[in-house]
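The values are calculated or read from the model by the stated rules, or taken from the named source; none is laboratory data. Worth saying up front: this structure is predicted, and the values here are computed from it rather than measured. Please note: Cβ atoms are built from the backbone with ideal geometry, for glycine as well, and neighbour counts cover all protein chains shown.
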Amino acid sequence: MKINKVAIVGGTHGNENTGVFLVNKLKNALPEYKGLKLKYLLANPMAIKNTRRFMDHDLNRSFGIKELQNIESSEYEFNRAKVINYELGPKGNPKYDFIIDMHTTTSNMGVTFIFSEINKINLQLACYLSEKNDSLNLYYHPPESKDVDSDQPYLNSISTFGLPLEVGPVPNGLLRHDVIEITEKTVRDTLEFITLLNNDSLPDFPDSLEIFQYIETILFPCDDDGNITAYIHKDLQDKDFCQLKQGDPIFYTVDNKTIYFENEFPMYPVFVNEAAYYYQDIAFSLSKKISISTHLT
């Protein structure tokens with residue numbers, strides 16, 4: 001297939017300024033690219049104006065089919081999701097073949113490609129970007145439900161193909177030169193990949209890729225009143241995508257005790273100490289490393 005229309009999105013979370021800055025920059029510097037029709041979109045303008053992650057509800061958790069079909073919701077982000085779905089979608093039959101959604105994180109995630117969907121084109125893109133950046137991380141969070149009709153709630157899930165991009169660490173509301181630079185490079189590399197794909201000029205890729213697949217979410221220890229009673233241990237801080245083994249420290253408590261990782265199987269933590277997840281008491285997520293074929297149809 002050929003990809004003709006690409007949406008480049010920033011500000012899905014209003015306090016992640018890198019994507020906002022690059023949408024405003026690139027729409028002037030890169031209005032088109034080698035025959036591709038590009039659409040630049042600031043996803044959450046009210047949250048951007050207020051430098052908040054969201055106003056009522058996380059916009060990047062608002063694109064499930066049920067949420068998009070709910071006409072009674074009055075929350076800002078749910079209604080904003082319907083507008084975006086109209087502009088880029090509808091989900092399942094989108095106007096835009098490919099969506100690049102730029103995010104930043106306070107966690108030490110480096111440059112991470114987060115798969116909304118595992119398919120041949122997304123895996124080929126992962127191979128291509130990995131050749132351009134040998135420190136690229138590949139992360140997949142499967143649908144929460146095992147139901148046949150389950151779907152992803154993310155903005156990128158409007159289209160089958162796309163790049164949900166996470167870059168960090170960077171504090172919320174901040175612009176950092178190096179983060180902007182690598183994000184822009186990755187966006188440009190992605191557009192080049194699409195032109196190569198359209199011209200049947202992609203290089204040969206390896207038969208398989210190693211990716212990190214989400215397993216479970218780890219919560220902060222809390223007391224009966226909901227107060228956090230332990231924080232991320234210094235030996236775990238900034239160790240995203242590093243192997244975590246049984247007996248490794250993960251938390252340090254208010255009474256100066258260490259809590260250790262008890263799982264007998266090694267795992268890989270991601271989104272360690274992400275500031276945006278504190279309201280949910282989420283400390284980090286665990287993933288396992290898997291090998292996946294790049295020859296999917």
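Please pick out the residue among ASP223, ASP200 that is farther than 27 Å from LYS34 by Cα, surrounded by fewer than 17 Cβ atoms within 10 Å (Cβ to Cβ) and modelled with pLDDT of 95 or more. Before you say what the answer is, go through the steps one by one.
Numbers: ASP200 fails: farther than 27 Å from LYS34 by Cα.
Going through ASP223, ASP200 in turn, just one is farther than 27 Å from LYS34 by Cα, surrounded by fewer than 17 Cβ atoms within 10 Å (Cβ to Cβ) and modelled with pLDDT of 95 or more: ASP223.
Just checking, how many residues over the range 244-262 are more than 20 Å from GLU210 (Cβ to Cβ) and part of a loop (DSSP other than H, G, I, E, B)?
So in the range 244-262, the residues more than 20 Å from GLU210 (Cβ to Cβ) come out as 246-262.
Checking which are part of a loop (DSSP other than H, G, I, E, B) leaves us with 246-248, 254-257, 261-262.
Residues that pass the stated criteria total 9.
Just one of (1) buried (at least 16 other Cβ atoms within 10 Å of the Cβ); (2) assigned by TED's automatic domain parsing to the domain that holds LEU129; (3) in a loop (DSSP other than H, G, I, E, B) fails for LEU236. It is (2).
With within 28 Å of LYS66 (Cβ to Cβ) and polar (S, T, N, Q) as the only criterion, which of ASN156, ASN227, ASN198 stands out?
Values: ASN227 fails: within 28 Å of LYS66 (Cβ to Cβ); ASN198 fails: within 28 Å of LYS66 (Cβ to Cβ).
Going through ASN156, ASN227, ASN198 in turn, just one is within 28 Å of LYS66 (Cβ to Cβ) and polar (S, T, N, Q): ASN156.
For the range 1-48, taking the residues that are in contact (Cβ under 8 Å) with a residue 40 or more places away in the chain and aromatic (Phe, Trp, Tyr), the one that is farthest from LEU191 (Cα to Cα) is identified as PHE21.
Just one of the listed residues (VAL179, VAL187, VAL270) is touching a helix residue (DSSP H, G or I) at 6+ places or on another chain (Cβ under 6 Å), in contact (Cβ under 8 Å) with a residue 24 or more places away in the chain, under 19 Å from THR112 (Cα atoms) and among the β-branched types (Val, Ile, Thr), namely VAL179. No other residue among GLU264, GLU216, GLU192 is surrounded by fewer than 16 Cβ atoms within 10 Å (Cβ to Cβ) and touching a Ser or Thr at 6+ places or on another chain (Cβ under 9 Å) apart from GLU216. Taken over the range 21-78, residues that are out of contact with any helix residue (DSSP H, G or I) (no Cβ under 6 Å at 6 or more places or on another chain) and on the phi > 0 side of the Ramachandran plot amount to 2. Which residues, counting only those in the range 51-70, are touching a Phe, Trp or Tyr at 6+ places or on another chain (Cβ under 8 Å) and of a type outside the set (A, V, I, L, M, F, W, C)? Scanning the range 51-70 gives ASP56, HIS57, ASN60, ARG61, SER62, GLU67, ASN70.
Screening PHE193 on (1) under 30 Å from PRO90 (Cα atoms); (2) among the aromatic types (Phe, Trp, Tyr); (3) outside any helix (DSSP H, G or I) shows it passes everything except condition (3).
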